Each structure stands twice: as structure tokens, then as C-alpha cells.
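One structure below.
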Amino acid sequence: MSLYRNTVWFLKGLREYTKGGYEAAAKHFAAEDLQVDVTGRSYMITGANSGIGKATALAIAKRGGTIHLVCRNKDRAEEAQKEIVANSGNQDVMVHLLDMSNPKEIWDFAERFKTENRLHVLVNNAGCMVNSRELTEDGIEKNFATNVLGTYILTKALLPALEKEDDARVVTVSSGGMLVQKLDVSDLQFQKGTFDGTMAYAQNKRQQVILTEHWAKEHPKVHFSVMHPGWADTPAVRSSMPDFYEKMKNRLRTEEQGADTVLWLSVSPAVTKHASGLFFQDRKPVSTHLPLASTHSSDGDEEKLLQTLQEMSQKFATASCKL
């Protein structure tokens, strides 16, 4: 990451990504955008037992949606389910256990889910920032396995279900940190040089933006969006970025503020006025690149990313799951 990108991004963050940035942006929100009843619509939210995922699930449940919480930890998932039901009065909140770093498990889950449920909106919220280079049991670097390959497989596997529904959407929770990274297809699993978990995460989030742009072109029946929640006070930030949290804790957004644009993208009729495939911050589409930061990728590199993910995903797919 260049000093220029780092400096410009951090100054932008202090102005836009903090609680103050949210409050300034919220002055221009249309209240009616979220005054909706989504009874009868089905929402899957990954990583939904805490933080932004849980706040999103609760807000949608309050508006009548059927909620599918996709979580790794059974106890925490069931606790979140109880809280959401109690605070929303909505009984249609289901728990599904899934490790988003396990490709075969994702395939199997998605195939079962499609036979038993309808799906209108998929919220790809689950993510991780592991600060040392670790491999999954399949030999895949853990950040890449969870944030990119897992998101890719779940989305692609569920697209047939989404394409059957009206106003189907896929919302992916990315990060403004991706602005400091240019796509690097030469080292997708961070085998070269000194491992930096923060930069690995930012690279993953850049890849999610590129995936969203390509999915939007390939699947016109579904509205795709990717977003930055700002700097929010979540358990993930506290555990993965303790130094950042200590420095910024008094300026961080609440979980609800971080979830606001995820909620808006998931339920508001206003969203479909925007083209599919855009990157959003505080309910507005914004650029995916900093000025003069040289982070644009070539068509060839983007195709290589897609081809690599396609090939990796197929290694773990059963015959009935082949894309």
C-alpha cells in the first residue's frame, strides 16, 4: 500500500466513515425509504449472530421479513435468534449452521436450502480478518476462503433460487479499506512476502467489489450491490483491529448506523432506481477508487480472478452442484 493511498484514505475515513460522517449523511436520507413492510419476503444473512449482520436481521424482522440467520457458532446463533424474535415480535427467524470457510459445506447447504425455501435477498455479511497466515482444512488461506471463495460459492449456488423471485437482490458487505488495494491475481492466497492480515482483508474486499460488478452483468434478473458500512463498533473490529479500536472507539459508528445501508439496500424500493453492480456508502453510490491511486485492474486480471474462483469452487462441488 502506498503512503499516498494510505494518507488519502485515512483522511477520507475521518471525514466520512466515522459516527460524525454518518450523522452528516443521514441529514439527507429519505425516511420513507425504510417505511416498508416486507412480509412474505425471505432474507438470508450470513454472519448474523452479532454486529452489522445481527442489526440488519433485527431491522428486517421488525418489518415482517422471514429471516435466515447463517452462522458458524450454534450457541451464539440461537441466542441471536431469541433476541431478534423477542425484540421484533417476528417468529419467522431461522438458524442455519455453516462455516463460510468450508467450500464443500457451502455447496451442500445451498443445495438443501434451495429445495426447502424461497429466497428474495441474500446478504453476504460474514467475513474474517485473521492476522496470521492460517490455512483451512482444505489448505486454503483462511481470509480468502471465507471472504472471497465462500462468498462466491454461496452466491453462485443460490442464484437459481433468487432468479425465480421478483425484485431479488444480493447485497455484499465490503469495506472502504479496499480503496487502498489494487487487485493482485498473482498472489490470491498471500504466499509471498510478509503476511499482513489487514491488507489481506482489504484485498479480499476489493475482490468482492469486482465480483459484484461482474455478477451484475451476468445476471440481469437480480439486483447486485456492494457497500461500505463505515467504521463501526462491532465485536469483529474489537477483536481483529484492537489498536485501531482503541484509537477510534469514541468516533466509531453504532452497529445500527453501520447496518443502515445494508438494510436500505435489502428492503427499500428506492434501491432499484440505481443500476445493478454499484458500490454504496451511506445510501449513495460512490467511486470504487481513490483519485490518482492507480487501483484500476485490467480486464485480463479480473477474468483471471473469476476463472480461478470458478476452478477452485468446482473442486468441492458434488455432481448436482456443478455450475
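Structural remarks
- Only strands (runs of 3 or more DSSP E) whose full extent lies in the range 89-189 are considered here, and the ones with at least 1 residues that are under 17 Å from Val226 (Cβ atoms) and not β-branched (Val, Ile, Thr) are 121-124, 168-173.
- Checked against the criteria, Lys164 does not count as at pLDDT below 95, of a type in the set (D, E, K, R) and surrounded by fewer than 19 Cβ atoms within 10 Å (Cβ to Cβ).
- Ala126 being closer than 16 Å to His68 by Cβ, under 18 Å from the mean Cα position of the chain (by Cα) and surrounded by 24 or more Cβ atoms within 10 Å (Cβ to Cβ): yes
- Taking the range 215-230 as the range and being crowded, with 16+ Cβ neighbours inside 10 Å and either over 19 Å from Ala259 (Cβ atoms) or in contact with a His (Cβ under 7 Å, 6 or more places away or on another chain) (or both) as the test, the residues that pass are Trp215, Ala216, His219, Val222.
- Qualifying residue in the range 19-32 (condition: in contact with a helix residue (DSSP H, G or I) (Cβ under 6 Å, 6 or more places away or on another chain), open to solvent by 50 Å² or more (accessible area, probe 1.4 Å) and either part of a helix (DSSP H, G or I) or closer than 17 Å to His96 by Cβ (or both)): no
- For the range 49-59, the count of residues that are free of Cβ contacts under 8 Å to residues at least 24 places away in the same chain, closer than 27 Å to Val222 by Cβ and open to solvent by 30 Å² or more (accessible area, probe 1.4 Å) is zero.
- Sole residue being closer than 21 Å to Cys128 by Cα, outside any strand (DSSP E or B) and under 16 Å from the mean Cα position of the chain (by Cα), chosen from Ala77, Ala55: Ala55
- Some residue of the range 190-203 being open to solvent by less than 10 Å² (accessible area, probe 1.4 Å), in a loop (DSSP other than H, G, I, E, B), in contact (Cβ under 8 Å) with a residue 12 or more places away in the chain and touching a Lys or Arg at 6+ places or on another chain (Cβ under 8 Å): no
- For the residues Leu149, Leu135, Leu98, the requirement of being at pLDDT 95 or above, loosely packed, with under 15 Cβ neighbours inside 10 Å and under 22 Å from Ser240 (Cα atoms) singles out Leu135.
- Val70 vs. criteria surrounded by 14 or more Cβ atoms within 10 Å (Cβ to Cβ), outside any helix (DSSP H, G or I), at pLDDT 95 or above and over 18 Å from the mean Cα position of the chain (by Cα): no
The values are calculated or read from the model by the stated rules, or taken from the named source; none is laboratory data. This one's a predicted model, so the numbers in the text were calculated from it and none came from an experiment. FYI the Cβ positions are ideal-geometry reconstructions off the backbone, even for glycines, and counts take in every protein chain you see. Quick note on the areas: whole protein, heavy atoms, side chains included, nothing else; ligands and nucleic acids left out. Shrake-Rupley method; radii C 1.70, N 1.55, O 1.52, S 1.80 Å.
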